[in-house]
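Read the structure below first, then the notes.
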Number of protein chains: 2
Amino acid sequence: MSKPKVFEKPTGVKDYLPEAAAKLRSIEFKLMQCLERWGYREIITPTLEYYDTVGVASSTEDKKLFKLLDRNGTTLVMRSDMTAPIARVVSSLLREHAFPLRLSYHANVFRAIEAEAGRDAEFFQTGVELVGDASSESDAEVIALAVACLQAAGVKPFKIALGHVGFLNGLFQETLRDRTDAQTQLKGCLLNRDYVGYREALKTMGLPAAVREELEGILRLRGGQEICRQARQLTDDPVAQQAIAHLCEVWDVLEAYGVSEHVLIDLTMIGDFSYYTGMTFEGYAADLGFPVCSGGRYDNLLAQFGRPAPATGFALKTNRILEVISKEAAAETSNRVLIVYTADNRQQALSRAGELRMERQAPVETLLAPDGQYEKEQLAGGSVRVRGIEYQSVIEFVN
Amino acid sequence: MSKPKVFEKPTGVKDYLPEAAAKLRSIEFKLMQCLERWGYREIITPTLEYYDTVGVASSTEDKKLFKLLDRNGTTLVMRSDMTAPIARVVSSLLREHAFPLRLSYHANVFRAIEAEAGRDAEFFQTGVELVGDASSESDAEVIALAVACLQAAGVKPFKIALGHVGFLNGLFQETLRDRTDAQTQLKGCLLNRDYVGYREALKTMGLPAAVREELEGILRLRGGQEICRQARQLTDDPVAQQAIAHLCEVWDVLEAYGVSEHVLIDLTMIGDFSYYTGMTFEGYAADLGFPVCSGGRYDNLLAQFGRPAPATGFALKTNRILEVISKEAAAETSNRVLIVYTADNRQQALSRAGELRMERQAPVETLLAPDGQYEKEQLAGGSVRVRGIEYQSVIEFVN
């Protein structure tokens with residue numbers, strides 16, 4: 001293989017130049033502030049974890065994990081999400097802490113294979129875990145909080161699609177018992193939102209007409225609260241019925257939060273079935289083909305770390321939110337000040353810079369111009385460009 | 001080897017629980033705010049870089065780099081500092097941007113071998129690079145900014161030790177020309193601050209009495225501006241003389257900034273000689289045996305990325321600052337509010353929670369108590385403990 005050029009960086013990773021970095025920080029700050037107001041407390045965990053602990057417990061496919069060996073030959077992974085590391089901490093350092101635990105994070109996470117599909121190998125997630133509460137109240141809390149976060153970040157319009165793994169699991173068990181291949185095929189279609197393929201697949205399965213109609217019927221199960229009623233009529237399976245009853249309860253709480261207008265029940269939505277155990281949701285911003293947020297209930301994970309407990313939560317895809325916001329953001333006017341001085345006036349100039357930094361809480365740069373001369377360009381609107389940077393004003397100490 | 005236990009994490013990495021994470025965030029926020037006011041703009045670079053670009057250019061020893069292979073068999077490194085990645089960006093994405101460039105960062109960095117010495121394998125750095133300005137003015141600017149940062153973070157007392165690689169290089173070349181082993185031995189002693197060992201080594205080198213005295217004399221070269229005068233008398237070597245002249249200029253600018261009281265000239269200070277090319281400095285907080293800040297001039301790095309330019313900068317060791325601050329910080333009183341409600345009062349309770357979050361800008365949690373009952377413990381000072389968390393007040397909607 002050839003050596004990379006000096007200016008190259010690995011595939012799938014990014015540099016954020018000052019303008020983008022400032023926006024990302026601003027989004028992060030607003031999100032963390034929102035999470036704090038809802039009582040969620042940030043924790044920070046290491047980038048590297050043991051493969052045998054956090055690696056195997058994570059919901060990320062094994063081949064997508066970045067692996068390396070430590071000096072003892074033990075396999076490490078670069079974290080692929082924050083849910084498994086937080087489960088580790090809840091079961092160890094926070095073992096004595098009573099439930100529920102409201103925890104938040106903002107972190108970069110890593111997915112190895114995505115690079116080849118033109119996707120990010122490193123990206124930012126801001127999210128929460130609400131651990132130790134199995135109620136519909138807590139499911140609704142994290143959804144309402146996701147809505148508050150997207151609003152705080154300035155994403156609009158957006159919609160939250162809400163589903164439940166129990167509904168499809170129950171329905172498929174009822175209608176396609178022992179036909180796991182057929183179940184897998186249909187779930188695959190739904191996962192890719194390939195509804196045409198789903199209908200075609202149903203036709204080839206030799207199902208009784210009533211069953212085929214029933215399974216086709218779920219494609220219409222997207223909408224408001226009325227979907228719960230419709231879905232209940234579609235199936236008698238107790239698991240599916242329980243799932244719908246839970247979603248109805250969640251919906252009631254979402255109405256009490258006053259956020260149901262942002263939520264759409266979508267019973268065709270399919271998350272990671274091996275990981276999620278209850279409701280799941282995804283947040284979509286207008287014009288963006290991929291979710292800016294995803295979450296759900298995962299009641300089996302904590303047991304893997306020795307402290308069995310129900311849990312629910314979500315992750316916001318912070319750099320995707322940056323993409324949404326950046327499309328809308330108008331060019332900001334510079335608030336920078338430049339102080340130009342000659343050596344004779346150094347002390348006066350530098351103390352003025354110090355004062356202005358305190359007073360204005362805005363960027364103040366200094367420039368020694370030995371003979372008092374420097375190139376400046378007057379811009380429209382009163383600002384001045386010096387050496388490629390636009391300043392709101394230039395103050396001279398050159399006499 | 002044995003499998004790690006589920007609750008274990010790799011050696012040398014840390015979890016920051018909510019209290020520590022909040023303090024770390026607060027320090028980070030104050031530092032980034034300070035850097036912004038001095039006109040430094042943050043950039044974010046990826047955690048993974050190519051070994052052949054950033055890896056080999058970094059000042060970190062090869063054996064301390066965390067290495068892994070990408071899918072093409074190319075060696076990647078987890079960044080060990082931010083200076084080399086920023087040099088890469090300055091030479092590529094920011095190639096057209098005029099000098100000087102004032103850039104800042106806050107990032108986690110990785111050092112592989114430190115774990116075994118009980119040191120951190122992952123830690124946080126907040127810092128700046130001032131690229132494209134070779135003047136003593138810019139060296140003084142970054143030192144004055146380091147002082148402002150330590151003050152902003154609440155570190156006190158602290159001292160900045162200021163040296164110059166040219167002084168020792170020049171002096172040793174003058175006195176121990178062609179005796180590289182002796183030079184290496186003496187530099188090693190100074191690096192470890194082993195002054196007894198330094199004196200012993202001098203005795204064994206069979207040097208003329210005048211030379212030995214000269215080399216012993218540098219141990220006294222620590223203090224204020226008077227050190228410059230003393231050092232000038234000690235050597236005639238032009239490289240050493242030039243180093244001292246530069247430090248005197250830097251000192252003058254530091255006086256104009258009004259920060260020289262925090263600075264101590266220490267000509268025995270030795271940084272990484274293969275990396276730094278001019279002044280170097282380290283910040284020490286009281287009671288802490290290791291520096292909380294280090295920096296200096298590195299005029300050769302940018303050329304490795306194809307855009308030769310002088311540069312100066314520093315990195316604050318943010319988690320060491322956390323250790324200093326944590327010792328001093330008093331226990332804070334809780335500002336959290338808990339709203340307890342029955343299902344009947346859900347809507348009223350949840351909208352009150354929303355209002356309070358906006359009004360108070362402080363954490364507000366909610367708790368459904370189906371029959372209006374919940375366990376609470378009245379604490380001294382008026383606060384209330386519910387399920388392990390202390391609240392400033394509890395508001396009930398349970399009628």
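Quick rundown of the values:
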item: Label point 7 Å beyond Cα along the C-beta direction, distances from A:Gly381 to other copies (nm, shortest first); result: 4.8
item: GluC sites (Glu not before Pro) lying in DSSP loop within segment A:266-375, provided at most 11 other Cβ fall within 10 Å; result: A:Glu332, A:Glu375
item: Descending semi-axes in whole angstrom, ellipsoid equivalent of chain B, from the Cα gyration tensor; result: 50, 24, 22
item: Nearest-ten-degree value, helix A:238-257 long axis tilted from longest Cα axis of chain A; result: 40 degrees
item: Options B:Leu94, B:Ala201, B:Gln125, ranked by Cα towards positive dipole end of segment B:18-329, top entry (Cβ charges); result: B:Gln125
item: Gyration tensor verdict on the protein assembly as shown (Cα atoms; rounded if a/c is under 1.5, prolate if a/b is larger than b/c, oblate otherwise); result: prolate
item: Selected from A:Leu68, A:Phe305, A:Cys293, residue furthest toward positive end of dipole (chain A; charges at beta carbon); result: A:Leu68
item: Chain B: antiparallel DSSP beta bridges as a percent of all, rounded to 5; result: 75 percent
item: Segment B:143-275 shape via C-alpha gyration tensor axes, a/c threshold 1.5; result: prolate
item: Mean Cβ count within 10 Å, highest first, over the residues of peptides B:69-76, A:40-47; result: A:40-47, B:69-76
item: Between B and A, accessible area buried - total, square angstrom, nearest 100, 1.4 angstrom probe; result: 8100 Å²
item: DSSP beta bridges in segment B:337-397 [antiparallel fraction, %, rounded to 5]; result: 35 percent
item: Nearest-20 debye value, segment A:337-397 charge dipole, Cβ charges on Lys, Arg, Asp, Glu; result: 140 debye
item: For B:Leu93, inter-copy label distances in nm, listed shortest first [label point 7 Å out on the Cα-Cβ vector]; result: 3.0
item: Prolate/oblate/rounded call for segment A:1-158, Cα gyration tensor, a/c under 1.5 rounded; result: oblate
item: Calculated label separations, B:Gln242, copies of the chain, 7 Å along the beta-carbon direction, nm; result: 8.0
item: Dipole magnitude (debye, nearest 20) for the protein assembly as shown, charges at Cβ of Lys, Arg, Asp, Glu; result: 620 debye
item: Accessible area expressed per residue, the protein assembly as shown, with surrounding protein chains retained (probe 1.4 Å, Å²); result: 42 Å²
item: Computed over segment A:337-397, Kirkwood Rh from alpha-carbon pairs, angstrom; result: 11.8 Å
item: Eligible lysines near B:Lys159 by straight Cα distance, threshold 19 Å, same-chain separation 8 or greater; result: B:Lys317, B:Lys327
item: Average beta-carbon neighbours from other chains, 10 Å sphere, peptide A:15-23; result: 6
item: Integer Hz, Karplus 6.51/-1.76/1.60 couplings in order for segment A:379-395, x for Gly and Pro; result: 9, 4, x, x, 7, 10, 9, 10, 6, x, 10, 8, 10, 5, 8, 10, 10
item: DSSP-defined beta bridges in the protein assembly as shown - what % are antiparallel, rounded to 5; result: 75 percent
item: Inter-label distance for A:Asp299 and A:Ala380, nm, one decimal - labels placed 7 Å from Cα along Cα-to-Cβ; result: 6.3 nm
item: Segment B:113-211: relative contact order as a whole-number percent, Cα under 8 Å and 6+ apart; result: 11 percent
item: Shielding of A:30-43 by partner chains, average beta-carbon count, 10 Å; result: 5
item: Other protein chain Cβ atoms within 10 Å, averaged over every residue that makes up A:342-354; result: 4
item: Size of charge dipole - chain A - debye, nearest 20, with Cβ of Lys, Arg +1 and Asp, Glu -1, no other charges; result: 720 debye
item: Chain A Cβ-axis minimum, rotational copy B, residue and distance in Å; result: A:Leu68, 2
item: Chain A, relative contact order [Cα under 8 Å, separation at least 6], %; result: 17 percent
item: Cα→Cβ-extended label distance, 7 Å offset, between A:Asp181 and B:Ile395, nm; result: 6.0 nm
item: Choice from A:Leu168, A:Leu207, A:Leu367 showing the highest fluctuation, given a GNM over chain A with Cα pairs closer than 10 Å; result: A:Leu367
item: Segment A:9-109 - percent of accessible surface contributed by carbon and sulfur, probe 1.4 Å; result: 49 percent
item: Listed residue (A:Cys149, A:Ala21, A:Leu162) projecting farthest to the positive dipole end of segment A:18-329, Cβ model; result: A:Ala21
item: Amide hydrogen neighbours beyond the local backbone of A:Gly39, cut-off 5 Å, H modeled; result: B:Val364
item: For segment A:133-210, alpha-carbon Rg over 2.2 N^0.38 Å; result: 1.51
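The values are calculated or read from the model by the stated rules, or taken from the named source; none is laboratory data. Remember, it's a predicted structure, so these values are computed and weren't measured experimentally. Quick reminder, even Gly has a Cβ in these numbers, built from the backbone with ideal geometry, and neighbours come from all protein chains shown. Protein only, heavy atoms only, side chains kept; ligands, DNA and RNA dropped before computing areas. Shrake-Rupley method; radii C 1.70, N 1.55, O 1.52, S 1.80 Å.
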